[in-house]
Amino acid sequence: MRAIVALLLLLAACRGPAVVDYEAQTGETAAPGLDGYQELPLARLASSPRGSAQRQAFERVQEAVDLANRFAASDWNHFYPRGCRFRLTEAGVLRLESEADRFDVHIWISAWGTLVNQLGFSAQETADGFVVGRFQDPKSKLIDAGLANSFFMTLEGAWRDPSMIAALMLHEMSHTLQVRTQGQLSYWLEYYFAAVILFQGGDEANDLEKVPYRVEAEFWRWLAARA
């Protein structure tokens, strides 16, 4: 019964699909065929013309990777694994590398990510990356989901700056590294048992959220000290 009540509360908390005025935010109309669910198209963004919204988005990821790596190597970092670095190639391949492991990071724009957005969260970890949600245009116009998603934009429909993207990446990859150690099924069963049965939700009350939130908090303190 408790699980059913928790599920009903979660459904009641759904805020509806995230909405963005795409044309106002990007200054352009999306081309046909770019509005569906997909893997985040970093390669397409990387090869886009200089000055375009797509290329600017890729450049924000480049700056975010640099910020995340500099934080991870700093004395401010006490929880994110030492020696663990992001690498983003000019061709748009994102990797995570450490002495213990290395893998391509896949960021999926998925229906599950859209549901996560509706519950008020930006992303959900996987075993090799994370999922984000697709946004909708308020006038039901065709938009580029490769840009209009919760990796590049806040749930209020504004662009994330590079520091916000870096914080999101560090948070979600802290989860992913836990998943790769513990195993995805075991991790998710423990996570959702805490969230649904113990009413611990997706914040620091859930033990599996403590490290990701602490990593993110240390990143913001490090960034503030540089200002």
Quick one: in the stretch 17-40, of everything that is part of a loop (DSSP other than H, G, I, E, B) and touching a strand residue (DSSP E or B) at 6+ places or on another chain (Cβ under 9 Å), which residue is surrounded by the fewest Cβ atoms within 10 Å (Cβ to Cβ)?
-> Gly36
Here the residues within the stretch 119-134 that are farther than 14 Å from Gln38 by Cβ and either surrounded by fewer than 18 Cβ atoms within 10 Å (Cβ to Cβ) or touching a His at 6+ places or on another chain (Cβ under 6 Å) (or both) are Leu119, Gly120, Phe121, Glu125, Ala127, Asp128
If we keep only residues of the stretch 167-186 that are within 18 Å of the chain's Cα centre (by Cα) and either at pLDDT below 60 or hydrophobic (A, V, I, L, M, F, W, C) (or both), then the residue surrounded by the most Cβ atoms within 10 Å (Cβ to Cβ) is Met169
Give me a count of the residues in the stretch 46-91 that are over 27 Å from Tyr22 (Cβ atoms) and more than 18 Å from the chain's Cα centre (by Cα).
-> 12
Among (1) farther than 19 Å from Arg44 by Cα; (2) buried (at least 22 other Cβ atoms within 10 Å of the Cβ); (3) of a type in the set (Val, Ile, Thr), the one test that Val116 misses | (2)
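Within the stretch 141-149, does at least one residue satisfy the condition of being surrounded by fewer than 18 Cβ atoms within 10 Å (Cβ to Cβ), closer than 19 Å to Gln54 by Cβ and either among the polar types (S, T, N, Q) or touching a residue at least 40 places away in the same chain (Cβ under 8 Å) (or both)?
So far as the stretch 141-149 goes, yes, one or more of its residues are surrounded by fewer than 18 Cβ atoms within 10 Å (Cβ to Cβ), closer than 19 Å to Gln54 by Cβ and either among the polar types (S, T, N, Q) or touching a residue at least 40 places away in the same chain (Cβ under 8 Å) (or both).
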Pairs where the first residue, in the stretch 59-72, is touching a residue at least 60 places away in the same chain (Cβ under 8 Å) and the second is among the hydroxyl-bearing types (Ser, Thr, Tyr) and buried (at least 20 other Cβ atoms within 10 Å of the Cβ), C-beta under 6 Å, 6+ apart | Ala72/Tyr80
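The values are calculated or read from the model by the stated rules, or taken from the named source; none is laboratory data. For clarity, every value in this text was computed on a predicted model and none was experimentally measured. Using ideal geometry, Cβ is built from the backbone for each residue, glycine included, and neighbour counts are taken over all protein chains shown.
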